[in-house]
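The block underneath contains the structure these notes are about, expressed in structure tokens.
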Amino acid sequence: MIELAVENLHLTYGDNPVLKGVSMELKRGEVVSLLGPSGSGKTTLLRAVAGLEKPTQGSIVIGKNKVYDGTPRSEIPAEERNLGLVFQSYALWPHKTVFENVAYPLKLRKVATKEINQRVQDVLEQLGLGHLGKRHPHQLSGGQQQRVAIGRALVYNPPVTLLDEPLSNLDAKLREEARVFLRELIIKLGLSALMVTHDQNEAMSISDRILLLNNGKIEQQGTPQEMYATPKTLFTAEFMGSNNRLHGKVTELRDGKARIEGNGWVLWGQAAEGVQSGQDATAVIRVERVAVVDGPGENQLALPLLTSMYLGDRWEYLFRPSGDDFVIRAYGNEVRDPQLCHLSLPEKHVWIFAKN
Ligand SMILES: Nc1ncnc2c1ncn2[C@@H]1O[C@H](COP(=O)(O)OP(=O)(O)OP(=O)(O)O)[C@@H](O)[C@H]1O
């Protein structure tokens, strides 16, 4: 069952087009992340679904209700869309207790007091806040405040929840914990949610599907695995993961593979759609796919190691060819002395994209 369907949505601020024909679906029990660089339109899309921004064209259907069909008159106001909202700007009420904050949406809907008490207590227990109901927001940690905001959005079981950077005001450590907590909650409650994030790791770990926005359009969508392992464009490849990039010219195409040549190096890789011989191109390989090997072989580069950097769970090596303008990074388990190394870049993990 489709809980949310957006079709060819356009939105313009003044004469600045921000959404340029976005279509997407959210199925029941699914968590979809909107990922993309700053200014790509993620928050605007979420706010348009919430009814907080006015699109100029397209349609939005929530459950069985068409809440927007391209005409201003058709628009159903935000408060009637029955959505759970966890927005950065939707702060907790400082003078209400945790319990009162979470109870508020039920009070608004005139739910009986006894039922309110039960439901709020249930939600607080689920969020690990059962013992904090009497506290005020300023007596909570940032992570706990965030949980209260989530509880307030979920307490009336909205069919669709919208989350805008729900973890962004937490520090790195708390954020990691909150990510695990949010994923657990999503599974436990079977939430259908659309979440904005600019953090690629957050999108991959929390969601079932990712929509990557680029300048108001969907660049690519798919499961986190698809987005990471089979990017269709240079933009997607570069946005997901840590990468090495080499610029050169395509000198041969064969069976879906391309040969790219640069200043003193040659590599084979998977040719992206539209790559042609003679074209300027970029080869991309994830940092973890580059291996330091013992001797020369196929699809290799021989480069001087500049330095080894300690990352705690592994080492990161930095290679820089003399006189060239690229660096190659790789991971390994030991510190290495600066010397010439052989690097294997397996053909199946090198993607070759036409240069824009
Ligand atoms: N109220 C507004 N009036 C005019 N322009 C706006 C308004 N809100 C956003 N914009 C513009 O719309 C574009 C998209 O903004 P949006 O907030 O949707 O991006 P985003 O992808 O969520 O970025 P971020 O990750 O920085 O939050 C930006 O160029 C922004 O400057």
Inset, instruction - Could you calculate the FRET efficiency of residue 177 with residue 208 from 1/(1 + (r/R0)^6), where r is the beta carbon distance between them and R0 is 30 Å, rounded to 0.05? - result: 0.90
Legend entry - Global form of the range 123-198, assessed from the alpha-carbon gyration tensor, a/c cut-off 1.5: oblate
Inset, instruction - Find the relative contact order for the range 252-356 and round it to a whole percent, using C-alpha pairs within less than 8 Å whose residues are 6+ positions apart. - result: 37 percent
Legend entry - Separation of the residue 112 and residue 201 label points, Cα + 7 Å toward Cβ, nm: 4.8 nm
Inset, instruction - Mind telling me which of 100, 261, 334 comes out most flexible in a GNM of the chain, alpha-carbon contacts under 10 Å? - result: 334
Legend entry - Loop trypsin sites (Lys or Arg not before Pro), the range 270-356 (other Cβ atoms within 10 Å of the site Cβ: 16 or fewer; DSSP): 314, 336, 355
Inset, instruction - Select from the range 58-102 those chymotrypsin sites (Phe, Trp or Tyr not before Pro) which occupy a DSSP coil region and have at most 15 other Cβ atoms within 10 Å, ordered by residue number. - result: 90
Legend entry - Debye, to nearest 20: dipole size of the chain, +1 on Lys, Arg Cβ, -1 on Asp, Glu Cβ: 1200 debye
Inset, instruction - Would you pull out the residues with amide H under 5 Å of residue 81's amide H, same chain only if 5 or more places away, H placed 1.01 Å from N? - result: none
Legend entry - Set of aspartates and glutamates with alpha-carbon distance to residue 257 below 17 Å, sequence-local pairs under 8 removed: 273, 280, 298, 347
Legend entry - Residue (of 12, 274, 160) at the positive-pole extreme of the chain, dipole from beta-carbon charges: 160
Legend entry - Rounded to the nearest 10 Å², the accessible area of residue 350 at probe 1.4 Å: 0 Å²
Legend entry - For the range 136-209 versus the range 291-356, the gap between their alpha-carbon centres in whole angstrom: 37 Å
Inset, instruction - Classify the range 214-347 as rounded, prolate or oblate from the Cα gyration tensor: take a ≥ b ≥ c as the square roots of its eigenvalues, call it rounded if a/c is under 1.5, otherwise prolate when a/b beats b/c and oblate if not. - result: oblate
Legend entry - Of 107/134; 27/54; 114/134, pairs whose Cα-Cα distance is over 19 Å: 27/54
Legend entry - Value at 222 nm in deg cm²/dmol, rounded to 500, when DSSP H runs of n ≥ 4 in the chain each add -39,500 (n - 2.57): -7000 deg cm²/dmol
Legend entry - For the range 1-83: rounded, prolate or oblate by the Cα gyration tensor [a/c cutoff 1.5]: oblate
Inset, instruction - Mind grabbing the base-10 log of I(q)/I(0) for the range 43-120 at q = 0.14, 0.28 Å⁻¹? Debye formula, identical points on the C-alpha positions, no solvent, two decimal places. - result: -0.60, -1.28
Inset, instruction - Report the FRET efficiency, 1/(1 + (r/R0)^6), for residue 65 and residue 187, where r is their Cβ-Cβ distance and R0 is 41 Å, rounded to 0.05. - result: 0.90
Inset, instruction - Counting only C-alpha contacts under 8 Å and six or more residues apart, can you give the relative contact order of the range 90-224 as a whole percent? - result: 21 percent
Legend entry - Percentage, to the nearest whole number, of Cα pairs in the chain over 40 Å apart: 28 percent
Inset, instruction - Determine the order of 24, 309, 1 by accessible area, beginning with the largest, at a probe radius of 1.4 Å. - result: 1, 309, 24
Legend entry - Within the range 227-313: Cβ-based charge dipole about Cα centre, in debye rounded to nearest 20 (Lys, Arg +1; Asp, Glu -1): 160 debye
Inset, instruction - Only residues of the range 35-69 count here: report those whose backbone N is under 15 Å from the spot 7 Å along Cα→Cβ of residue 79, or say none. - result: 51-52
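The values are calculated or read from the model by the stated rules, or taken from the named source; none is laboratory data. What you see is a predicted model, and the numbers here were worked out from it, not measured in a lab. A quick note on method: Cβ atoms are made from the backbone with ideal geometry, for glycine too, and the neighbour counts reach across all protein chains shown. We work out accessible area using only protein heavy atoms, side chains counted, and drop any ligands, DNA or RNA first. Shrake-Rupley method; radii C 1.70, N 1.55, O 1.52, S 1.80 Å.
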